[in-house]
Amino acid sequence: MPNTYTQLITHLVFAVKNREALILPSFREEVERYITGLLQRKGHKLLAIYLMPDHAHILIGQKPVVSLSETVNVLKVESAKFINAKHF
């Protein structure tokens, strides 16, 4: 259909295991940059991101052809791998 436009704005909130305050200020920005890269590779537009000590807030302009569950799964799995690999 010509001239079709879709705009999906999604606010993602997810917590670390047991809501422990594990996201320290010393590496918060580095993890935020990593998550930003993950979202961009999936074709989403990052509007805002902030990692609290025990949870994350992410606001994205979602690409309609990528499912939300796939996006959240990639974010959680890949960011956990990154944090564990860096020994944060």
Check: With θ set to phi - 60° and the Karplus curve 6.51 cos²θ - 1.76 cosθ + 1.60, what are the ³J(HN,Hα) couplings of the stretch 74-85 in order, to the nearest whole Hz, using x for Gly and Pro?
Finding: 4, 4, 5, 5, 5, 5, 5, 4, 4, 5, 5, 5
Note to self: Per residue of the stretch 58-68, what does 6.51 cos²θ - 1.76 cosθ + 1.60 with θ = phi - 60° give for ³J(HN,Hα)? Whole Hz please, x for Gly and Pro, Karplus curve as stated.
What the structure shows: 9, 10, 10, x, 7, 6, x, 8, 10, 5, 5
Note to self: I want to make sure I understand the PRE zone here: with the label point 7 angstrom from the Cα of residue 41 toward its beta carbon, which residues in the stretch 66-88 have backbone N atoms less than 16 Å away?
What the structure shows: 70-86
Item checked: For semi-axes √(5λ) of the Cα gyration tensor in Å, calculated from these coordinates, the label among (1) 36, 22, 6; (2) 20, 14, 11; (3) 27, 12, 11 -> (3)
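Mind putting a number on the dipole of the chain about its Cα centre? Charges go on the C-beta only, +1 for Lys and Arg and -1 for Asp and Glu, and I need it in Debye to the nearest 20. Before the final figure, lay out the partial values.
Values: 11 positive and 7 negative charges, 35 e Å.
So the magnitude is around 160 debye.
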Next item on the list: Would you mind checking the pairs 42/76; 17/63; 17/81; 17/76 and listing those with alpha carbons more than 18 angstrom apart?
Entry: 17/63
Item checked: At R0 = 25 Å, FRET efficiency that the Cβ-Cβ distance of residue 29 and residue 7 yields, to 0.05 -> 0.30
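For the chain, what is the mean residue ellipticity at 222 nm derived from helices alone (per DSSP H run of n ≥ 4: -39500 (n - 2.57); sum divided by total residues; nearest 500 deg cm²/dmol)?
Working: 2 runs with 36 residues, N = 88.
Rounded to the nearest 500, the figure is -14000 deg cm²/dmol.
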Next item on the list: Work out from phi, with θ = phi - 60° and the Karplus expression 6.51 cos²θ - 1.76 cosθ + 1.60, the ³J(HN,Hα) of each residue of the stretch 34-47, listed in order in whole Hz, and give x for Gly and Pro.
Entry: 5, 5, 4, x, 4, 5, 5, 5, 7, x, 8, 10, 6, 9
Item checked: Relative contact order %, the stretch 8-86, counting alpha carbon pairs below 8 Å whose residues are six or more apart -> 39 percent
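Where a number appears in this text, it was derived from the coordinates with a stated rule and is not lab data. Computed from a predicted model, the values in this text were never measured in an experiment. No Cβ is skipped: glycine too gets one built from the backbone with ideal geometry, and neighbour counts run over all protein chains shown.
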